[in-house]
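The values are calculated or read from the model by the stated rules, or taken from the named source; none is laboratory data. If you're wondering where the values come from, they're calculated on a predicted model, not measured in any experiment. Cβ atoms come from the backbone with ideal geometry, glycine included; neighbour counts cover every protein chain shown.
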Amino acid sequence: MNKERTIGQTELEELERRAEAGEAIAQYRLGGLYYAGEVVERDEERASDLRRRAVEQADPAFVSFIMQAAEDEDLEATHTLAMMYYRGLGVPHDEKQAFALWKRAAENGLPQALYNLAAAYERGIGVEPDLAEAIVHYNVALEYGVGLAGVQLGFLYVGSPGIRADLGLAEHYFRTAMKLGYSRGIEGLELIRELGLKDAPESRSALEGPHE
């Protein structure tokens, strides 16, 4: 899934310097290292932020780099290209194409794509909304170590149209996300403490949409 080769400390420092300077391809590659926990400690939130910054530049060289890598069946590039189609950055806005690319990467086991496929089913992005399918894919993404999927599942079970509230299950998901290093699980636990056994506001049921 991650085709980044292992690099040395000097090369890592150079990659970090280029990423900090705003080079999109360097940000993308460094994000891959943080996702995989290679050379650097695994940090899902840091990885996502780096990939988001790369995508938002819509730099022509980066777009060409991603399109070629996706054509070569690189799953992470396929996932990133899906985000570009979803957000209309560097390529035309096309939610159906985004869904198709997420589905391809997810079916080949890319954890981030599993999460975004779930988000697409939840929100009806390029496909008819299907909450049951969303929950299935969020759970699979969580099994693959995507902490954000645990946060999303937690908020769904705190209170969401079409799902019976279950604060015990919500707490389980939030704590699982925190164990995976995803700090936003704390927000969910704080909400549960605030609510007690009261009904949750539906507006808190969908914390995140598709994510880099």
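Within the stretch 4-16, the set of residues being part of a loop (DSSP other than H, G, I, E, B) and over 21 Å from the mean Cα position of the chain (by Cα) comprises Arg5, Thr6, Ile7, Gly8. When Val151 is tested against (1) modelled with pLDDT under 95; (2) assigned to a loop (DSSP other than H, G, I, E, B); (3) in contact with a Lys or Arg (Cβ under 6 Å, 6 or more places away or on another chain), just one condition goes unmet, and that condition is (2).
Take the residues in the stretch 50-81 that are in contact with a helix residue (DSSP H, G or I) (Cβ under 9 Å, 6 or more places away or on another chain) and among the polar types (S, T, N, Q); name whichever of them is nearest to Ala100 (Cα to Cα). Among them, the one singled out is Thr78.
Every residue, every condition in (1) crowded, with 23+ Cβ neighbours inside 10 Å; (2) touching a residue at least 60 places away in the same chain (Cβ under 8 Å); (3) assigned to a loop (DSSP other than H, G, I, E, B), yes or no:
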| residue | (1), (2), (3) |
| --- | --- |
| Gln68 | no, no, no |
| His79 | yes, no, no |
| Leu89 | no, no, yes |
| Tyr121 | yes, no, no |
| Pro129 | no, no, yes |
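Scanning the stretch 25-46 for residues that are out of contact with any Leu (no Cβ under 7 Å at 6 or more places or on another chain), in a helix (DSSP H, G or I) and without any contact (Cβ under 8 Å) to a residue 40 or more places away in the chain yields a count of 3. Here Gly181 fulfils each of the conditions (1) small (Gly, Ala, Ser); (2) part of a loop (DSSP other than H, G, I, E, B); (3) more than 18 Å from the chain's Cα centre (by Cα); (4) at pLDDT 80 or above apart from (3).
Taking the criterion of being surrounded by fewer than 22 Cβ atoms within 10 Å (Cβ to Cβ), within 16 Å of the chain's Cα centre (by Cα) and among the hydrophobic types (A, V, I, L, M, F, W, C), the only residue of the stretch 17-46 that qualifies is Ala36. Restricting Gly90, Gly150 to those that are touching a Leu at 6+ places or on another chain (Cβ under 8 Å) and small (Gly, Ala, Ser) reduces the list to Gly150.
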